[in-house]
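Worksheet: the structure to be examined is printed underneath.
Values quoted throughout were computed directly from the atomic coordinates according to the rules given, and no laboratory measurement underlies them. Bear in mind that the values here come from a model prediction, so they are computed numbers and not experimental data. Please note: Cβ atoms are built from the backbone with ideal geometry, for glycine as well, and neighbour counts cover all protein chains shown.
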Amino acid sequence: MDTDSVYTRSELMVAAASRQIADGEVVFVGMRLPLLGFLVAKSLRAPNAVGVYELGIIRDTVASEPILTMGDLPNLYRSQWLADTRDTMSLLQQGLVDVSFIGGAQVDRFGNLNTTLTGSSVNITTRLPGSGGACDLACLAHRHIIIMAHERRRFMPRVDYITSPGYGDGKGWRESVGLIRGGPSAVITTMGIFAFDHETCEMVLTSLHPGVTVEMVQEQTDWPVRISTELSQTPLPTHQELSTLRRFDPNGYWTGK
Amino acid sequence: MDTDSVYTRSELMVAAASRQIADGEVVFVGMRLPLLGFLVAKSLRAPNAVGVYELGIIRDTVASEPILTMGDLPNLYRSQWLADTRDTMSLLQQGLVDVSFIGGAQVDRFGNLNTTLTGSSVNITTRLPGSGGACDLACLAHRHIIIMAHERRRFMPRVDYITSPGYGDGKGWRESVGLIRGGPSAVITTMGIFAFDHETCEMVLTSLHPGVTVEMVQEQTDWPVRISTELSQTPLPTHQELSTLRRFDPNGYWTGK
Amino acid sequence: MTTSKLMDMTDAISRWVVDGCSVAIGANLETAIPFAAGHEIMRQEKRRLTLIGPISDILFDQIIGAGCVQRVQAAWVGNVITGVGYNFRRAVEQGQINVEDHSNLTISMALQAGAMGVSFLPSRTALGSDLFATNPGLKFVTCPFTSQKHAAIAAIVPDVAIVHVQRSDLFGNAHAWGNMGITREACLSSRNVILTAEEIVSTEMITRDPNRILTPGFKVSAVVHAPWGAHPSPMPGYYNRDHAVFLDYQTQSRTPELFASWMNQWVRSISSIHQYAETLGDAYLSRLSITHHDYSEPVDYGY
Amino acid sequence: MTTSKLMDMTDAISRWVVDGCSVAIGANLETAIPFAAGHEIMRQEKRRLTLIGPISDILFDQIIGAGCVQRVQAAWVGNVITGVGYNFRRAVEQGQINVEDHSNLTISMALQAGAMGVSFLPSRTALGSDLFATNPGLKFVTCPFTSQKHAAIAAIVPDVAIVHVQRSDLFGNAHAWGNMGITREACLSSRNVILTAEEIVSTEMITRDPNRILTPGFKVSAVVHAPWGAHPSPMPGYYNRDHAVFLDYQTQSRTPELFASWMNQWVRSISSIHQYAETLGDAYLSRLSITHHDYSEPVDYGY
């Protein structure tokens, strides 16, 4: 594969995220990096993917101009449906969304995500923005992909608050709380990519980004990291992926560092 | 009051119905005679009344041309909102509709209405069209007005099937089944007008149409009719009411007989 | 772009309306009733269908009269101008069809529940009524916050919704306007959607006004070009109601024999909506046309 | 016809937003955020408000920073471009405001329940999450048909919804287009609605397209003419997002002192949206204007 010698970590993550989208899938597109990941996927290998945005937008084409966020007018222009948030959420709840992407401030080894608060709900240390649609995406999409900065204070044994449910405390938990489908299928971090063990529902390191070692990952993860027997290296972003991505983020606002 | 010497019974009923609407009220307008009653009221004495139609139409003006039914295009033209049935039903359920009008095949002394079937639900004698929105209007409007042909087989002690709840079996029944407001406030028949006793929730004859006697009403009513101590005669339709009504029903389709 | 979903009515009905399936049709209550699609269902002699609708137009009565129906989940079946639906009445009284009685609000909520992907929705309607006696999809639920009793309405997920729209592209991106009835929830709840359309237009014309789009194109399984496809019901933007047809139908459906004769003339002897319109003739149809036009003000979706 | 509801922003906010009331605002998530109305709330130093919204724009952060807020019922409070909302964070961490955490789906359902006049709605979201710990408006309910566990979301009925629209007549009949967020349910559930509008137009222009009308005019209490009233958020049909304002706000809100300075300059020193637009200047604003126009195809509502 052709690659550019120079790329940023964010660009690598966006490229990796874009590869999680199969052609023809309905994708619930979140803010920031996932927005770019969808645009890259749609442009390069999933031309029939449909993007659903919680603002009440459905698109089967990419935005006509670079956008910083999903509410920028080029993302409304010639869309396939401008509707209510509840229309998009209904598609999600009904099970018509294949995959979604969410980020977080804290994640644990079962893929539970916290974007609400650190400390506890009665003694808050740091208040974060909250769920937005993330809780809904984690509960209701057929699968969701987590995109995170990989730091020890974020990768903790148990999150302080479950904003977006992963596999709770392990196998069978989702069913037991009433969730009827879904769960995280991958975690794309600044250091590597994780999948989830089908038996234990634990995060398993499957891929390391270039220059990253297992020891470095363990150093930044506050539980004993499980390593896949088929650990590989994350493919570099291709030249085509980088040029596409840079077309959508021309000033490197999201991926410039 | 000026009156035309010649008018039909239906015209009298429509005129009577139109007088039940106060200015500024939100009216859920049903099919047939109520449609005309609303148009007459709106034209003559309730210019600020708003009409809500279950098709998903809200109008604060009268239809631009005569219509046979609420779905005819002049009733959509320049309306105040074209929306979903559930939007109109939501206004109703929320308590924003002051008054509605419904008809029926059978009514009993507590104002329960049947438009579904005669016989019983397991042994049907005659199948009728069903509720449409009538059940909703009877449950959820602040008050509703019943318009009926007055015949003994229709005015029975107990209806075979409650399509549209009145006062059930008397005072307190609506609350006991979970209804949070409403109930019939009047019954306009081909013979007279009834109100409901606040204590017993029974139908009380308050007005006789010209040429009708109490005996004639009792003859066509299959329970002992209660008579108001202030029994009056239904005012004749005024010239203005008749000419307005005939403008909306120029061929007398609804009111010609 | 996906591949075209345009097909003729015969193919669309043949493929997506199978014996025993449930069909939401006539969801606009009085306007835009998909008569052409319904008549094709009758021609293809579908059997054991479940019909789902709110106040349903005489199309329900016709499909029932043709013997296609086993079950009705609806708020009202009859003739919106004259009242009684004679085929419906006969079929129920003779025990040929089962009816689950809804109100306009409960049928709307049943489809809305399906559209939202929940198994029920609560409502304050129907309490105290006998709809609970004839509709197993109605029960009670207590609000966990107020302890108030609500009606619980079970979700309905039709196998197919059939909707007549003003204009669609080849992929099921369509503009619909006028009163919407329960059409949006019918489209969103159903497993498949057949759109019949007055006009087939470019995707560009549709996506220049995405707020007017009926439902996401990816929900649509078939697009059929069917000008006059809602006749005799009114089609906003295209034609007025043909009142005479509704008035005449009262007589034409009064007995099974009269209805058979009507069906022979207007369904069996006709092969398509195009032949139907030819049979009526331009002179006849032109009397139904919009003569007092009134156009919306454009809006700008630019950037 | 009813009497005109047109008034200036000062009167509208003074009359309909009273201390201690609950306000749904910014219901479109990222577009058409009623900044002009929010800044007037700050100028009038309203106190003890409850703010209700989905993903909320920096307007929530600003109103919180001005000390107007006691409680937030929302899915997300921050800066949609840069993330953190510093005033929000400080106010929560210092115990000045209470937050009832919602997701976009639960806040939509809470307002939808209010709009529908039921005391709760069921959903399959949030199960297993800790939203139940910080939101007393979330409980559980069992479906009487399937016995499945659902989240029960309590109805929210705001005292007032404030919505910025493209065009309104004098009576609150308004056209809105673009992504709708949770605006429709906010309007229908709220006891009063304040519309701020880019343009005041004739009733005739509005009623020539009744499908585009936001909410029944009789629900609207006040209409305010507020061109540029959603700046710096994008307004479909009128102007693009002013990204620089969102980027700069990250710094301008980082400390209470910096925020006080920002508020002095952009809220306290300004008397109205008209002065605000003058201050920004035509040359500045013209860079945000729509340059690539794209107009909808008209539709016919005639007969």
Tell me yes or no: at least one residue of the range A:170-179 is among the hydrophobic types (A, V, I, L, M, F, W, C), in a loop (DSSP other than H, G, I, E, B) and buried (at least 24 other Cβ atoms within 10 Å of the Cβ). no
Determine whether the range D:31-42 contains at least one residue that is surrounded by 21 or more Cβ atoms within 10 Å (Cβ to Cβ), over 19 Å from D:LEU195 (Cα atoms) and under 13 Å from the mean Cα position of the chain (by Cα). no
Across (1) in a strand (DSSP E or B); (2) under 20 Å from the mean Cα position of the chain (by Cα); (3) over 18 Å from B:ILE147 (Cα atoms), B:GLU230 clears everything bar (2)
For A:TYR253, the lone unmet condition from (1) more than 22 Å from A:GLN20 (Cβ to Cβ); (2) aromatic (Phe, Trp, Tyr); (3) buried (at least 19 other Cβ atoms within 10 Å of the Cβ) is (3)
On the basis of being farther than 30 Å from D:THR291 by Cα and of a type in the set (D, E, K, R), does C:ASP294 make the cut? no
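Residues in the range D:105-119 that are out of contact with any helix residue (DSSP H, G or I) (no Cβ under 6 Å at 6 or more places or on another chain) and within 7 Å of another protein chain (Cβ to nearest Cβ): how many? Write out each step before concluding.
Step one: filter the range D:105-119 for residues out of contact with any helix residue (DSSP H, G or I) (no Cβ under 6 Å at 6 or more places or on another chain), giving D:106-107, D:109-110, D:113, D:118-119.
If we keep only those that are within 7 Å of another protein chain (Cβ to nearest Cβ) as well, we get D:118-119.
Total meeting the criteria: 2.
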Of the residues B:PHE101, B:PHE38, only one is of a type in the set (Phe, Trp, Tyr), outside any loop (DSSP other than H, G, I, E, B), away from chain C (no Cβ under 12 Å) and closer than 27 Å to C:LEU111 by Cα; which? B:PHE101
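Identify, from the list B:THR126, B:THR85, the residue that is crowded, with 24+ Cβ neighbours inside 10 Å and of a type in the set (Val, Ile, Thr).
That would be B:THR85, the only listed residue that is crowded, with 24+ Cβ neighbours inside 10 Å and of a type in the set (Val, Ile, Thr).
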Filter result (free of Cβ contacts under 8 Å to residues at least 60 places away in the same chain and within 10 Å of chain C (Cβ to nearest Cβ)) within the range B:46-57: B:TYR53, B:LEU55, B:GLY56, B:ILE57
In the range B:205-227, residues that are part of a strand (DSSP E or B) and closer than 27 Å to B:TRP254 by Cα total 4
Can you work out which of the residues in the range C:87-96 that are out of contact with any Pro (no Cβ under 9 Å at 6 or more places or on another chain) and more than 7 Å from chain B (Cβ to nearest Cβ) is surrounded by the most Cβ atoms within 10 Å (Cβ to Cβ)? C:ALA91
Take the residues of the range B:20-45 that are free of Cβ contacts under 8 Å to residues at least 60 places away in the same chain and surrounded by fewer than 20 Cβ atoms within 10 Å (Cβ to Cβ): which is nearest to B:THR255 (Cα to Cα)? B:ARG45
Is it true that some residue in the range D:60-69 is in contact with a Gly (Cβ under 6 Å, 6 or more places away or on another chain) and of a type outside the set (A, V, I, L, M, F, W, C)? yes
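Name the residue that is nearest to A:VAL62 (Cα to Cα), counting only residues in the range C:1-27 that are of a type outside the set (D, E, K, R) and within 14 Å of chain A (Cβ to nearest Cβ).
Filtering the range C:1-27 for residues of a type outside the set (D, E, K, R) gives C:1-4, C:6-7, C:9-10, C:12-14, C:16-18, C:20-27.
Next, only the ones that are within 14 Å of chain A (Cβ to nearest Cβ) stay: C:1-4.
Details: C:MET1: 12, C:THR2: 15, C:THR3: 18, C:SER4: 20 Å.
In this case the residue turns out to be C:MET1.
From B:ILE67, B:ILE102, B:ILE57, grab the single residue that is out of contact with any Lys or Arg (no Cβ under 6 Å at 6 or more places or on another chain) and either more than 23 Å from C:ALA176 (Cα to Cα) or of a type outside the set (A, V, I, L, M, F, W, C) (or both). Outline the logic, then answer.
Working: B:ILE67 fails: either more than 23 Å from C:ALA176 (Cα to Cα) or of a type outside the set (A, V, I, L, M, F, W, C) (or both); B:ILE57 fails: either more than 23 Å from C:ALA176 (Cα to Cα) or of a type outside the set (A, V, I, L, M, F, W, C) (or both).
Residue meeting the stated conditions: B:ILE102.
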Determine whether C:PHE218 is within 14 Å of another protein chain (Cβ to nearest Cβ) and either in contact with a Pro (Cβ under 6 Å, 6 or more places away or on another chain) or not in a strand (DSSP E or B) (or both). yes
Where residues in the range B:155-178 are within 17 Å of B:ALA134 (Cβ to Cβ) and of a type in the set (D, E, K, R), which of them is nearest to the other protein chains (Cβ to nearest Cβ)? B:ARG174
Selection over the range D:67-104 where residues are more than 17 Å from the chain's Cα centre (by Cα) and assigned to a loop (DSSP other than H, G, I, E, B) yields a count of 8
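Can you give me the number of residues within the range B:204-234 that are closer than 17 Å to B:GLN20 by Cα and crowded, with 16+ Cβ neighbours inside 10 Å? Don't jump to the end; show me each part of the working.
Going residue by residue through the range B:204-234, those that are closer than 17 Å to B:GLN20 by Cα are B:204-209, B:232-234.
Still in the list and also crowded, with 16+ Cβ neighbours inside 10 Å: B:204-209, B:234.
So the answer is 7.
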Considering only the range B:144-169, state which residues are surrounded by fewer than 24 Cβ atoms within 10 Å (Cβ to Cβ) and part of a loop (DSSP other than H, G, I, E, B). B:ALA149, B:HIS150, B:GLU151, B:ARG152, B:ARG153, B:ARG154, B:MET156, B:PRO157, B:ARG158, B:ASP160, B:GLY168, B:ASP169
Any chance you could count how many residues in the range C:255-289 are under 17 Å from C:GLU198 (Cα atoms), within 14 Å of chain D (Cβ to nearest Cβ) and out of contact with any Pro (no Cβ under 9 Å at 6 or more places or on another chain)? 1
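So, in the range D:221-231, of the ones that are over 25 Å from D:VAL118 (Cα atoms) and assigned to a strand (DSSP E or B), which residue ends up nearest to the other protein chains (Cβ to nearest Cβ)?
In the first step, residues of the range D:221-231 are kept if they are over 25 Å from D:VAL118 (Cα atoms); the result is D:222-231.
From what's left, assigned to a strand (DSSP E or B): D:222-225.
Details: D:ALA222: 18, D:VAL223: 15, D:VAL224: 20, D:HIS225: 18 Å.
Residue satisfying both the conditions and the ranking: D:VAL223.
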Those residues of the range A:77-98 which are under 22 Å from the mean Cα position of the chain (by Cα) and within 7 Å of chain D (Cβ to nearest Cβ), in sequence order: A:THR85, A:ARG86, A:MET89, A:GLN93
Select the strands (runs of 3 or more DSSP E) contained entirely in the range C:141-214, then report the ones holding at least 2 residues which are within 11 Å of chain B (Cβ to nearest Cβ). C:149-154
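Can you give me the number of residues within the range C:45-66 that are free of Cβ contacts under 8 Å to residues at least 24 places away in the same chain and at the interface with another protein chain (Cβ under 8 Å from one of its Cβ atoms)? Please lay out each step first, then the result.
Step one: of the range C:45-66, the residues free of Cβ contacts under 8 Å to residues at least 24 places away in the same chain are C:45.
Next cut, at the interface with another protein chain (Cβ under 8 Å from one of its Cβ atoms) only: none.
Count: 0.
Only one of C:VAL84, C:VAL80, C:VAL99, C:VAL69 is at the interface with chain B (Cβ under 9 Å from one of its Cβ atoms) and surrounded by 24 or more Cβ atoms within 10 Å (Cβ to Cβ). Can you tell me which? Step through it out loud before you land on a result.
Numbers: C:VAL84 fails: surrounded by 24 or more Cβ atoms within 10 Å (Cβ to Cβ); C:VAL99 fails: surrounded by 24 or more Cβ atoms within 10 Å (Cβ to Cβ); C:VAL69 fails: at the interface with chain B (Cβ under 9 Å from one of its Cβ atoms).
Within the list C:VAL84, C:VAL80, C:VAL99, C:VAL69, the selection yields C:VAL80.
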In the list B:MET148, B:MET191, which residue meets the criterion of being within 10 Å of B:GLN106 (Cα to Cα), out of contact with any Asp or Glu (no Cβ under 6 Å at 6 or more places or on another chain) and more than 12 Å from every other protein chain (Cβ to nearest Cβ)? B:MET148
Scan the range C:13-32 for residues that are under 30 Å from D:TYR301 (Cβ atoms) and of a type in the set (Ser, Thr, Tyr) and jot them down. C:THR31
All but one of (1) in contact with a Leu (Cβ under 8 Å, 6 or more places away or on another chain); (2) under 30 Å from D:LYS219 (Cβ atoms) hold for B:ILE124; which doesn't? (2)
